[in-house]
Amino acid sequence: MAELNLILLGPPGAGKGTQGERLTADGGLEYVVTGNILRAAVKEGTELGVQAKAYMDAGDLVPDELVIGLILERVRSEEAHDGFVLDGFPRNVAQGEALDAALAELGRDLTGVLYFDVPDEEIVRRLSGRRVSQTGRIYHVEFDPPKADGVCDVDGSPLIQRDDDKPETIRKRLAVYHEQTEPLVAYYEQRGLLHRFDGTKPPQEVEAHLRKTVSTLRLEDAV
Ligand code: ADP
Ligand code: ADP
């Protein structure tokens with residue numbers, strides 16, 4: 001079977017993680033979640049974590065020289081051999097270009113970019129109600145609550161609110177998204193790689209649309 005190399009693109013809170021978890025649940029595609037990798041480094045207090053923390057707390061992007069090598073290493077890894085889903089990378093055009101160069105070197109192509117369209121007011125509602133488990137599983141107090149209040153359905157760990165999901169940081173992250181990440185929509189659209197999804201629909205509906213598109217991409221790739 002041909003490999004499937006996908007990017008999840010959209011503002012913070014658009015549902016990339018929620019859908020990425022679903023799309024990769026069967027383990028066929030390597031799921032690379034940039035934010036989780038960075039947060040793990042912060043928690044472990046590694047050199048990278050120490051350097052990244054201030055940017056993340058402020059809602060800014062972590063500098064390219066720290067992020068690009070880290071993610072490309074995962075793209076080149078054995079685990080990504082049958083395909084990958086990138087969540088949170090690229091987040092600016094320089095990162096997009098670095099990914100293109102790395103894939104060209106590997107003789108591989110992007111299969112598609114799945115873009116989640118969600119307006120800013122909805123983003124604020126989503127991020128302020130987001131709660132996550134110790135392993136990064138995603139919930140929402142209103143839109144996707146856990147079965148028992150405040151604990152993860154899967155491992156029972158307490159759910160927490162991310163530091164950067166506080167109102168001032170949310171506004172900053174949205175501004176950074178519009179300024180630095182949104183240009184990637186045109187970047188991929190010009191190459192016919194962009195697939196748009198109405199991210200305001202309920203999670204099950206978004207998932208159904210995504211699966212349909214992914215199946216089509218698999219079929220197109222097979223011919
Ligand atoms: P969200 O899921 O809400 O979009 P993430 O978990 O993806 O947030 O990212 C959290 C933070 O990690 C970002 O605000 C940024 O500081 C940093 N980060 C994540 N991905 C990247 C990236 N590709 N380049 C630079 N910084 C990043
Ligand atoms: P991202 O990874 O793009 O930052 P998440 O998947 O973490 O986004 O979703 C942000 C918040 O919105 C979470 O609390 C999640 O439960 C909730 N959410 C995700 N998708 C939907 C949806 N389609 N409708 C309503 N809420 C959603």
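Please treat every number below as a calculation from the coordinates, not as lab data. All values reported here derive from a predicted model rather than from experimental measurement. Note that we place each Cβ from the backbone using ideal geometry, even for glycine, and neighbour counts take in every protein chain shown.
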In nm, what is the difference between 0.36 nm times the number of residues separating Val185 and Ser77 and their Cα-Cα distance?
36.2 nm
Footprinting exposure proxy for Tyr55, Tyr187, Tyr31 (fewest neighbouring C-beta atoms within 10 Å first)
Tyr55, Tyr187, Tyr31
So if I take the centroid of the Cα atoms in the stretch 134-193 and the same for the stretch 12-83, what is the distance between those two points in Å?
13
Nearby lysines by direct alpha-carbon distance to Lys53 (threshold 30 angstrom, same-chain neighbours under 8 apart not counted)
Lys16, Lys43, Lys166, Lys172
Counting only C-alpha contacts under 8 Å and six or more residues apart, can you give the relative contact order of the chain as a whole percent?
30
Pair Glu121, Arg218: separation of 7 Å Cα→Cβ label points (nm):
3.9
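Let me make sure I get this right: for the chain, a, b and c are the square roots of the gyration tensor eigenvalues over alpha carbons, sorted descending. Under 1.5 in a/c it's rounded, otherwise prolate if a/b > b/c, else oblate. Which is it?
Rounded shape, in that the Cα axes give a/c under 1.5.
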Rule-of-thumb Rg ratio for the stretch 106-148 [Cα; 2.2 N^0.38 Å; N residues]:
1.67
Is there a quick way to get the dipole size of the chain? I mean about its Cα centre, with the Cβ of Lys and Arg at +1 and of Asp and Glu at -1; what is the value in debye to the nearest 20?
480
